[in-house]
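Rule-based calculations on the coordinates, nothing more; no lab input. As the structure is a computational prediction, the values presented were derived from the model and not from experiment. In this analysis, Cβ positions are derived from the backbone assuming ideal geometry, glycine residues included, and neighbour counts consider all displayed protein chains.
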C-alpha cells in the first residue's frame, strides 16, 4: 500500500533585477538557460529546447561529483513575456509528472516571477524542488546582468 501523500502546490516568487524582455529571454534562449538553470554549483546542459506550445525540452544538470539529473517535458503554454507552462518529469522516473507555471510581470523595479509547481508526489519531493528552484533563481539573479 502506498502511503505517500501528494504535496500541496509549491509557490515561489522572486523579483529579478532586469527588464521583462531580458528576463523572458533568459528563460527562452537555450544558451542563456544553460547559464543558470541548475542550483548551486551544478552545471546545466540544454539538450533540447523548443519554446512553442507542443515543443519539448530536456535539460541535464551535472553535480560536482559528475552525477547527472535530467529533466524534460513539453511546453504546454507559451505566452511571450507573460507565461510559460511546462510539464516536468525526471528521466528514470516515468511514474511522476508534474506541472510548472512561470508568470512574468513587469514591475516598477525589475521583473516579478511567480513559479507554481503542481502535482509533486510528496512533501519530500516538494522540499527538494523548492530548494532546487531557489538555487536556480539565485543563479539567474546573480548572472542575468552578464548575459
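Taking a virtual spin label 7 Å from the Cα of residue 147 along the C-beta vector, which residues in the range 61-85 bring their backbone nitrogen under 17 Å of it?
Once the point is set 7 Å along Cα→Cβ of residue 147, 78-85 turn out to lie under 17 Å by backbone N, inside the range 61-85.
Could you put 141, 136 in order, starting from the residue whose Cβ has the fewest other Cβ atoms within 10 Å?
Going from sparsest to densest Cβ surroundings: 141, 136.
How far apart, in nm, are the 7 Å Cα→Cβ label points at residue 105 and residue 124?
About 3.5 nm separates the two model spin labels.
For the range 10-146, what's the relative contact order in percent, using C-alpha pairs closer than 8 Å and at least 6 residues apart?
After rounding, I find 29 percent.
Using only DSSP helix segments of four residues or longer, with each worth -39500 (n - 2.57), what per-residue ellipticity at 222 nm results for the chain after dividing by its residue count and rounding to 500?
On the way: 3 runs with 37 residues, N = 147.
Using -39500 (n - 2.57) per qualifying helix, the result is -8000 deg cm²/dmol.
Just to confirm my numbers, what's the Cα centroid distance between the range 75-106 and the range 16-69 in Å?
Taking the Cα centre of the range 16-69 as reference, the centre of the range 75-106 is 13 Å away.
Relative to the longest principal Cα axis of the chain, at what angle does helix 123-143 sit, 0 to 90 degrees, rounded to 10?
20
Could you list 98, 122 so that the one with the fewest beta carbons within 10 Å of its beta carbon is first and the one with the most is last?
Starting with the residue having the fewest Cβ neighbours, the order is 122, 98.
With a 10 Å Cβ neighbour count serving as the proxy for reagent exposure, in which order, fewest first, do 125, 53, 87 appear?
By the 10 Å Cβ count, ascending: 53, 87, 125.
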